[in-house]
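Just so it is clear, none of the values below were taken in a lab; they were calculated from the coordinates. None of the values given here were measured: they were computed from a predicted structure. Positions of Cβ are backbone-derived with ideal geometry, glycine not excepted, and every protein chain shown enters the neighbour counts.
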Amino acid sequence: MARGLQTAAGGAGTTMEAVSMSIFDDPLDSARKLTTGCSCGRHASQIEHDHEAQLQLRNAIADSEDKRYESVVASAVMRAMFPRDVARRTFLKSVGASTALAALSQFFPLRAATDAFAQSSAIEKKDLKVGFIPITCATPIIMAHPMGFYSKHGLNVDVIKTAGWAVVRDKTINKEYDAAHMLSPMPITLGAGSQPIPYTMPAVENINGQAITLAIKHKDRRDPKSWKGFKFAVPFDYSMHNYLLRYYVAEHGIDPDQDIQIRAIPPPEMVANLRADNIDGFLAPDPVNQRAVYDGVGFIHILSKDIWDRHPCCAFAASKEFVTEAPNTYAALLKAIIDATAFATKPENRKQIAEAIAPRTRASSTTERSTWRRVAPRARASANSRERCAIVIESVLRIVNAPTKTAITPNASRR
């Protein structure tokens, strides 16, 4: 039987959208649509409804500090009220973000909670150490130091570049770091296999932004079904990269435990391992993927957002012990991260951020001027705009202290 009706209305040639419900469908089924349009009835389609809801949520992270903190408090309340994410999303899709925020304010004092969060109290510990891995995801944590976001909230934070995620884990467990840049699954796995350590993860620092990169020799093997016997690298066992890679190959009929090898390699060492033929590919964050492409040793097979759009990746985390013993310090640290993240979100600020976090010395400035004097004539002489860009990029990568090409014996096993 036909599953819809078309009704002429409003003049010749005008047809209403087909109603998606059959006359024999259960009208009490919550998953079945009874009418056309969106769930709230104010939009022509559910797509338009979802688009407006997204815009409202983005606008909730406003320029003002008060609005940013209110958004953080509202997010915490929403998670407490809706521990199951599917229920939260259904609620927001039904009423919209603005209505949801107004409803929350009726039952919970968001304004008072926001004011309490924004107030500065006596800091228990001013000098802190925060570890990070040098990848794009760590930008807010790194830039908050040279750009004064930590000092604004009364903190003296030493941000420490760390060699790999296993080192971040160990230094965190040993209390050498007060807080750390972590992969999102790490806080729930600290102490796995021994005494569990309660951790809190107040912020996901980025979504998407990863990719599967393959060695250039595999450019004709784009079908994952042909990857049996491949050796892949991921940053850490407990990582979104590991889970995404396993899911992706399994979807194509490859057993991630039997048909391929997956090993943990720190991101700064991945390109060198790819060049040395120790691995056939990796799933990693930027700038590792772009570095493999620039060096001509790899190509990007697929972006992680095409596997799971808006997946979480890196996070900012601290132990429950630190949070409870130094709540004012923790609040100040979190506010600094929130402010830095809001600043980094705006594309117009990226040049200023890059200048703040790039290592610069008198010697490097001299090298920069010298290199540019050699490169500029070549760039101007080239009539091809893409070639000019390539020449300039080459010079910039040499100037900004590109990752060291680690000497590795081919086919050596790395963990």
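Cross-link candidates for Lys217: which lysines have Cα within less than 20 Å, leaving aside residues fewer than 8 places away along the same chain?
Cross-link targets: Lys225, Lys228, Lys231, Lys405.
Label Asp257 and Ile160 with points 7 Å out from Cα along Cα→Cβ: what is the distance between them in nm?
A separation of 3.6 nm, rounded to one decimal place.
Checking the table Lys125/Lys152; Lys320/Lys346; Lys129/Lys152; Lys129/Lys335; Lys125/Lys175 against a 21 Å threshold on Cα-Cα, which pairs fail?
Long pairs (Cα-Cα over 21 Å): Lys320/Lys346.
Quick one: Arg169, Arg88, fewest Cβ neighbours within 10 Å first, how do they rank?
Taking fewest neighbouring Cβ atoms as first place, the list is Arg88, Arg169.
Sorted from fewest to most neighbouring beta carbons within 10 Å, what does the list Thr329, Thr99, Thr189 look like?
Values: Thr329 25, Thr99 14, Thr189 18.
So the ranking, lowest neighbour count to highest, is Thr99, Thr189, Thr329.
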